[in-house]
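What follows draws every value from the coordinates through simple rules; no lab data is involved. Because the structure is predicted, anything quoted here is derived from the model rather than measured. Every residue, glycine as well, gets a Cβ built from its backbone with ideal geometry; the counts of neighbours run over all protein chains shown.
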Amino acid sequence: MSPLLRIKRCCLTERVIFTAKADLERVADALTREDVVEAIVNAPAVYKTLRSTAPGRRKGDKLYVIVGMTHDGILVYTKGALRQFEGDEHFYLLVSSKRSVEDP
């Protein structure tokens, strides 16, 4: 199953965790959590895949950048990683969520 499909399933089943940074960015851009999830679910593709270089994270973790649009036409940039918890249950951990400044 593709990463985007797995991420969308996490969003639709409310298995999304926002980091403090993602929540701060979201609030600063007047976005609700629902706006962010809606944009991910509406996204046509993963914009790009990065390897994490952040200290404290597993080296080389895949981070997925997704740019999607809400039903109100707001372009939203997100970055996050798929995580497993208690076996095979997947969660999508958002590390960034804000209004997009560019169109992919």
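With everything on Cα atoms, drop me the angle between helix 33-42 and the longest principal axis of the chain, reported from 0 to 90° to the nearest 10.
80
Which distance in nm do the two modelled labels at Asp72 and Ala30 give, with both placed 7 Å along the Cα-to-Cβ direction?
Going from the Asp72 label point to the Ala30 one covers 0.8 nm.
Could you work out the local net charge near Ala30, counting Lys and Arg as +1, Asp and Glu as -1, over the other residues with Cβ closer than 15 Å to its Cβ?
For residues surrounding Ala30, the net value is -3.
At q = 0.17 Å⁻¹, what base-10 log of I(q)/I(0) does the Debye formula yield for the chain when every alpha carbon is treated as an equal point scatterer in vacuo?
Scattering profile of the chain, log10 relative to I(0): -0.72.
Translational diffusion coefficient, Stokes-Einstein: compute it for segment 1-53 using the Kirkwood radius over C-alpha pairs as Rh, at 10 °C and 1.306 mPa s, and state it as an integer in µm² s⁻¹.
My calculation gives 130 µm²/s for D.
In deg cm²/dmol and to the nearest 500, what is the mean residue ellipticity at 222 nm of the chain if only DSSP H runs of at least 4 residues count, each as -39500 (n - 2.57), divided by the residue total?
Working: 3 runs with 29 residues, N = 104.
The per-residue figure over the chain is -8000 deg cm²/dmol.
Give me the net charge of Lys21's neighbourhood, meaning all other residues with Cβ under 12 Å from the Cβ of Lys21; Lys, Arg count +1, Asp, Glu -1.
+1
In segment 1-58, what GluC sites (Glu not before Pro) fall in a loop by DSSP, with at most 16 other Cβ atoms inside 10 Å?
Values: sites: Glu14, Glu25, Glu34, Glu38; in loops: Glu14.
In loop regions of segment 1-58 (DSSP not H, G, I, E or B), the sparsely surrounded GluC sites (Glu not before Pro) are Glu14.
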